[in-house]
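Asker: Handing you a structure now.
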Amino acid sequence: MALPPQLSVSQLVALAADPAALAARLRRPLPLPPNPHARRGTAFHAWLEQRFGAAQLLDVDELPGAADEDAAPDDDLPELQQAFLASAWAERRPVEVEVPFETVVAGVGVRGRMDAVFADPDGGYTVVDWKTGALPDPARMPALAVQLAAYRLAWAGLAGCSPHEVRAVFHFVRPDVTIGPEHLLDAAGLRSLVASVPVA
């Protein structure tokens with residue numbers, strides 16, 4: 001498989017999880033058929049964006065969570081709102097929301113958008129990715145953590161701080177569970193992941 005010159009963060013996760021499956025998708029000459037779940041979870045993200053007072057609302061298809069696997073249907077918004085308001089995150093105010101980024105990893109452009117960034121009492125930061133679906137199988141976490149690794153490095157670059165000052169976590173809204181893998185890939189680890197595949 002040869003990678004295209006640019007990948008989304010979700011494609012980077014797919015590369016870590018199943019390179020062959022990603023290769024099959026990249027080889028398709030036609031767009032994928034419509035996915036009925038592709039816009040799930042967007043109502044919750046839009047609600048959070050408004051709650052946090054984001055200056056510029058995104059189009060629904062650009063919202064983080066729009067393509068999350070196993071995202072909750074938008075009809076579940078009231079339940080998700082109640083779960084979020086009962087969580088510890090409801091009392092915190094982010095320093096940034098819906099943060100777009102683009103960087104180059106081993107010659108390949110990687111683009112994404114971070115849901116929210118919070119300042120921590122110790123002077124560092126926590127990047128949070130809101131998940132509206134079920135908790136994942138633990139076997140999938142190493143691949144999913146690639147998303148957090150990319151976010152951590154991206155925010156460190158944007159904030160001009162060391163990656164060691166940035167934490168990155170998933171918050172699963174419905175069960176009120178926050179997961180922050182102890183070991184995330186560093187810049188060299190992400191480069192090794194991408195460099196393991198030839199660039200087109």
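The values are calculated or read from the model by the stated rules, or taken from the named source; none is laboratory data. Since the model is a prediction, treat every value here as computed from it, not as a measurement. With ideal geometry, Cβ positions are generated from the backbone for all residues, glycine too; neighbour counts draw on all protein chains shown.
Asker: Among the residues of the stretch 108-151, what is the count of those that are polar (S, T, N, Q) and farther than 19 Å from P19 by Cα?
Answerer: Within the stretch 108-151, the first condition is being polar (S, T, N, Q), and the residues that meet it are 126, 132, 147.
Among the residues that remain, those that are also farther than 19 Å from P19 by Cα are: 126, 132.
Residues meeting the conditions: 2.
Asker: Separate question: Quick one: how many residues across the stretch 99-135 are assigned to a loop (DSSP other than H, G, I, E, B) and in contact (Cβ under 8 Å) with a residue 40 or more places away in the chain? Spell out the reasoning first.
Answerer: Keep residues of the stretch 99-135 that are assigned to a loop (DSSP other than H, G, I, E, B), which gives 106-107, 120-124, 132-135.
Applying the additional criterion that residues be in contact (Cβ under 8 Å) with a residue 40 or more places away in the chain yields 106-107, 120, 123-124, 132-135.
Count: 9.
Asker: Something else now. Which of the residues spanning the stretch 171-186 are surrounded by fewer than 16 Cβ atoms within 10 Å (Cβ to Cβ) and more than 27 Å from S87 (Cα to Cα)?
Answerer: D186
Asker: Within the bounds of the stretch 152-174, is there any residue that is in contact (Cβ under 8 Å) with a residue 12 or more places away in the chain, over 18 Å from the mean Cα position of the chain (by Cα) and closer than 27 Å to L22 by Cα?
Answerer: no
Asker: Small (G, A, S), surrounded by 14 or more Cβ atoms within 10 Å (Cβ to Cβ) and closer than 21 Å to S87 by Cα, is that true of A168? Even if it seems obvious, please write down each step before you answer.
Answerer: On the way: small (G, A, S): yes; surrounded by 14 or more Cβ atoms within 10 Å (Cβ to Cβ): yes; closer than 21 Å to S87 by Cα: yes.
Yes, satisfied.
Asker: Here is a further query. Within the stretch 74-98, track down each residue that is modelled with pLDDT under 90, surrounded by 14 or more Cβ atoms within 10 Å (Cβ to Cβ) and not in a strand (DSSP E or B). Steps first, answer last, please.
Answerer: Within the stretch 74-98, the first condition is being modelled with pLDDT under 90, and the residues that meet it are 74-77, 98.
Now restrict to residues that are surrounded by 14 or more Cβ atoms within 10 Å (Cβ to Cβ): 74, 76-77, 98.
If the condition is that a residue be modelled with pLDDT under 90, surrounded by 14 or more Cβ atoms within 10 Å (Cβ to Cβ) and not in a strand (DSSP E or B), then D74, D76, L77 are the ones that fit.
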